[in-house]
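The values are calculated or read from the model by the stated rules, or taken from the named source; none is laboratory data. No experiment lies behind these values; they were computed from the predicted model shown. For neighbour counting, all protein chains shown are included, and Cβ atoms are generated from backbone atoms with ideal geometry for every residue, glycine included.
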Protein chains: 2
Amino acid sequence: MDDTRWLSAAELEVWRTFVTMFGALGEHMDRQLQRDSAMPYTYYEILVVLSHAPDRALRMSELAGLRGSSRSRLSHAVARLEAQGWVERRECPTDKRGSIAVLTDAGFAALEAAAPGHVTTVREAVFDRLTPEQVRALGAISAAILDGIDPDKSLPGCRELG
Amino acid sequence: MDDTRWLSAAELEVWRTFVTMFGALGEHMDRQLQRDSAMPYTYYEILVVLSHAPDRALRMSELAGLRGSSRSRLSHAVARLEAQGWVERRECPTDKRGSIAVLTDAGFAALEAAAPGHVTTVREAVFDRLTPEQVRALGAISAAILDGIDPDKSLPGCRELG
DNA sequence: CGCTGCAAGTTGAGAGCTCAACTAGTAAAG
DNA sequence: CTTTACTAGTTGAGCTCTCAACTTGCAGCG
């Protein structure tokens, strides 16, 4: 029954540190955006993705895919963003089921206002604290873990089939 | 106005990969525990900390400190765990304001039942995917980031003040 | 003792997320 | 053209978390 491969003491310590950092960093980022720009991190990310899209518009499902978010979550989020006037929903001309989310000027302005504070927080909390080597390592480690969870979501360069 | 130190292209890519991994891993861990053991990851962690404490008991504030959780959050969580019969609340004999959370036998049993699946998930998602060197790097990186966010929470070995 | 200030913990409202239905439209097969 | 299967997206209930009060008790000072 118990063929569980438990963690070694060293692994356990790494895991505990990692998990703690995980929670603290997420909270830190979220709190900064909430405080300074009145939006949760998730919504910031939606605005970012939309702002990079052609015409600042994307179909809901594409947006969900790019963000690694569920349809339901995105639907709730966009409803909220629409109520704030940062995003608009339009009908999709080629598929009547579809919905297209468009970043409004107000949304773009909100993003522009929020970005400096956010980036500064990222820099101070992460990049300023790591050596260039560690930054590279973090990228590789993240990609490896991501690849194991959901190969579809991993960035280009994955060459394994299992 | 704009003396923001923006991220370089390389940094941005690391950040995006990291954030995506962040979200995916959290969701992955949470879903596994929710599915197999009917508890969120946060609650699992509470049970773990309690199980390691002397007499499987801790004051609320100590528990909150060890878990890096807010008092409010812990209070809600323990209320839920108490309703499930996994934790009991007792009065603190030395401080009538205080409350002591105690892990029940049922709670311990639930933890024992949940642990193998959880550890296996951690191993498969993280440790099996990284080289020993990457594991060490991850520990160092996590500690460095954690240290920057809240020095109080960082593990022993922090020797900076400024 | 009687204040004032602070710490421990709880509570309730509100926000975001998940999960499981559900609506509506597309696509493929007969 | 109808039936069936599937996809896009939304909705509502329930859960956890945050934030801001609020209650209760401790501690120090007069």
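Sort out which residues of segment B:32-77 are within 15 Å of the chain's Cα centre (by Cα) and within 11 Å of DNA strand C (Cβ to nearest atom), and write them in order of number. Explain how you work it out, then say what you get.
To start, the set of residues in segment B:32-77 that are within 15 Å of the chain's Cα centre (by Cα) comprises B:33, B:39-52, B:62-71, B:73-74, B:77.
The answer is B:L33, B:P40, B:E62, B:L63, B:A64, B:G65, B:S69, B:S70, B:R71, B:R73, B:L74, B:A77.
In segment A:89-107, how many are away from DNA strand C (no atom under 15 Å from the Cβ) and assigned to a strand (DSSP E or B)?
Going through segment A:89-107 one residue at a time, the tally reaches 2.
Give the residues of segment A:26-51 that are in contact (Cβ under 8 Å) with a residue 12 or more places away in the chain and closer than 15 Å to A:T120 by Cβ, sorted by residue number. Step through it out loud before you land on a result.
Step one: of segment A:26-51, the residues in contact (Cβ under 8 Å) with a residue 12 or more places away in the chain are A:26, A:28-29, A:32-33, A:36-37, A:39, A:41-51.
Answer for segment A:26-51, where residues must be in contact (Cβ under 8 Å) with a residue 12 or more places away in the chain and closer than 15 Å to A:T120 by Cβ: A:H28, A:M29, A:Q32, A:L33, A:D36, A:S37, A:Y41, A:Y44.
Among the numbered criteria (1) surrounded by 16 or more Cβ atoms within 10 Å (Cβ to Cβ); (2) within 13 Å of DNA strand C (Cβ to nearest atom); (3) under 15 Å from the mean Cα position of the chain (by Cα); (4) in a helix (DSSP H, G or I), which one does A:L81 miss?
Of the numbered conditions (1) surrounded by 16 or more Cβ atoms within 10 Å (Cβ to Cβ); (2) within 13 Å of DNA strand C (Cβ to nearest atom); (3) under 15 Å from the mean Cα position of the chain (by Cα); (4) in a helix (DSSP H, G or I), the odd one out for A:L81 is (3).
Please count how many residues of segment A:30-48 are outside any helix (DSSP H, G or I) and more than 12 Å from DNA strand D (Cβ to nearest atom). Quick ask: steps written out before the conclusion?
Of the residues in segment A:30-48, the ones outside any helix (DSSP H, G or I) are A:38-40.
Applying the additional criterion that residues be more than 12 Å from DNA strand D (Cβ to nearest atom) yields A:39.
Total meeting the criteria: 1.
Could you list, in sequence order, the residues of segment B:79-106 that are more than 10 Å from DNA strand D (Cβ to nearest atom) and of a type outside the set (G, A, S)?
Start the filter on segment B:79-106 by keeping residues that are more than 10 Å from DNA strand D (Cβ to nearest atom), which leaves B:82, B:85-90, B:99-106.
Hits for segment B:79-106 are B:E82, B:W86, B:V87, B:E88, B:R89, B:R90, B:I100, B:V102, B:L103, B:T104, B:D105.
Right, B:A110: buried (at least 16 other Cβ atoms within 10 Å of the Cβ), in a helix (DSSP H, G or I), away from DNA strand C (no atom under 16 Å from the Cβ) and away from chain A (no Cβ under 14 Å) or not? Steps first, answer last, please.
Details: buried (at least 16 other Cβ atoms within 10 Å of the Cβ): yes; in a helix (DSSP H, G or I): yes; away from DNA strand C (no atom under 16 Å from the Cβ): yes; away from chain A (no Cβ under 14 Å): yes.
Yes: the conditions hold for B:A110.
May I ask you to say which residue of A:G26, A:G65 is under 30 Å from A:K96 (Cα atoms), within 13 Å of chain B (Cβ to nearest Cβ) and within 11 Å of DNA strand D (Cβ to nearest atom)?
Details: A:G26 fails: under 30 Å from A:K96 (Cα atoms).
Result of the check over A:G26, A:G65: A:G65.
Anything in segment A:126-140 that is over 17 Å from the mean Cα position of the chain (by Cα) and in a helix (DSSP H, G or I)? List them, or say none. Quick ask: steps written out before the conclusion?
Just the residues of segment A:126-140 that are over 17 Å from the mean Cα position of the chain (by Cα), to begin with: A:127-137, A:140.
Scanning segment A:126-140 gives A:F127, A:D128, A:R129, A:P132, A:E133, A:Q134, A:V135, A:R136, A:A137, A:A140.
Looking only at residues that are within 14 Å of DNA strand D (Cβ to nearest atom) and part of a helix (DSSP H, G or I) in segment B:49-62, which one is nearest to B:L111 (Cα to Cα)? Working first, answer last.
Of the residues in segment B:49-62, the ones within 14 Å of DNA strand D (Cβ to nearest atom) are B:49, B:59-61.
Right, trim to part of a helix (DSSP H, G or I) and you get B:49, B:60-61.
Values: B:V49: 11, B:M60: 19, B:S61: 22 Å.
My answer is B:V49.
State which residue pairs qualify: first residue within 14 Å of chain B (Cβ to nearest Cβ) and without any contact (Cβ under 8 Å) to a residue 40 or more places away in the chain and inside segment A:74-100, second residue near DNA strand D (Cβ under 9 Å from one of its atoms) and part of a helix (DSSP H, G or I) in any location, beta carbons under 7 Å apart, and separation of 6 or more residues or different chains.
From segment A:74-100, the pairs are A:L74/A:M60; A:L74/A:L63; A:L74/A:A64.
Criterion first (away from DNA strand D (no atom under 16 Å from the Cβ) and in contact (Cβ under 8 Å) with a residue 60 or more places away in the chain) does A:V135 satisfy it?
Here the answer is no, as A:V135 does not meet what is asked.
Out of A:I149, A:I100, A:I145, I need the residue that is within 16 Å of the chain's Cα centre (by Cα), of a type outside the set (D, E, K, R), modelled with pLDDT of 95 or more and at negative phi. Which one?
Working: A:I149 fails: modelled with pLDDT of 95 or more; A:I100 fails: within 16 Å of the chain's Cα centre (by Cα).
Being within 16 Å of the chain's Cα centre (by Cα), of a type outside the set (D, E, K, R), modelled with pLDDT of 95 or more and at negative phi holds for just one of A:I149, A:I100, A:I145, which is A:I145.
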